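Taken together, the values in this text are just the output of simple stated rules run on the coordinates, not laboratory data. This structure is a prediction, so every number in the text was calculated from the model and none was measured. Quick reminder, even Gly has a Cβ in these numbers, built from the backbone with ideal geometry, and neighbours come from all protein chains shown.
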Amino acid sequence: MKHIRNFFAGIIIGIANIIPGVSGGTMAVVLGVYDRLIGSISLSIEKLKKNWLFLLTIFGGAGVGILLFAKLLTFLFQNYNVPTQFFFIGLIVGSLPFVWKKTVLHSSFKTYNVIPFAVTLGIMILMSIAKAGENTVQTELTFPLIFLLILCAIIAAIAMIIPGISGSFMLKAIGQYETVLAAIDRLDILMLIPVGIGILIGIIGGAKLIGFLLKKFHQTVYSAILGLVVGSVFVIYPQEFAFNAQGFIAIGTLIFGIAITVLMDKLKKE
């Protein structure tokens, strides 16, 4: 049962990772797999042997989510942007009690941790105000593009494992989001190889750093994460929301997103 749950958690994380403004790290926190995922990603053979099935189900699900939902999400955002965004807002809002519990897991809340919360919340609000760079699709693989894709994928991967920061948003800001999404849509393996190399480098390096910080400064890190999670609502909130037919549907998808988070939290306790 837990492996099936982890696989579907991976699908949700994969879907989140291809949506600018939605954080795969946030979804991992929401679904209760973040700490173990960060702790499992390592070059240590012993750790990989111990956690190989967990990693396989998470990353396998993420791969399925990315491949199957890239086209669907493009369609949904083009035609039903508000309800789709509100669904993810529901997932985020529903996760807040869980993130708070993780923040105060080992001790009562320290007043000074308001600072990292406020800083990361402010960063997310600034990101919501800033406009992402205009992207153009590049379909011809050149040596300069290979190095650019590796570098962009490293940056996006590090962002991807930090709750509240969207790897896709970073790709969009850098100007390579459409190129990568188009490569996924048409399964351009040659174009995706440098992306995969960059993601691998970014995830392994970033996971070790985040894992170290969680061990040494657990409440401070989770206070910063809480600010990122709250702030991500500002990033993905659709400005075109109105109290019309689609707006009322959006309220329904918001409630549905919250309900899914509550259900996943109950399943984790079983």
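Descriptive notes on the structure:
- Calculated on the Cα set of segment 9-148, radius of gyration then Dmax: 18.1, 54 Å.
- P(r) weight above 30 Å for the chain, C-alpha pairs, percent: 26 percent
- Two-site FRET efficiency, ASP188 against VAL104, from Cβ-Cβ distance with R₀ of 45 Å, rounded to 0.05: 0.45
- Loop sites in segment 195-270: chymotrypsin sites (Phe, Trp or Tyr not before Pro), DSSP, at most 16 other Cβ within 10 Å: PHE217, PHE241, PHE243
- Each part reduced to its alpha carbon centroid, segment 201-250 and segment 60-115 end up 7 Å apart.
- Distance between the pseudo-spin-label points of LEU67 and GLU140 (7 Å out from Cα toward the beta carbon): 3.0 nm.
- Arranged from fewest to most other beta-carbon atoms within 10 Å of their beta carbon, ARG5, ARG36, ARG186 become ARG186, ARG36, ARG5.
- Ranking of VAL93, VAL104 by neighbouring Cβ atoms within 10 Å, starting from the fewest: VAL104, VAL93.
- Relative contact order of the chain, defined on C-alpha pairs under 8 angstrom at six or more residues apart (%): 34 percent
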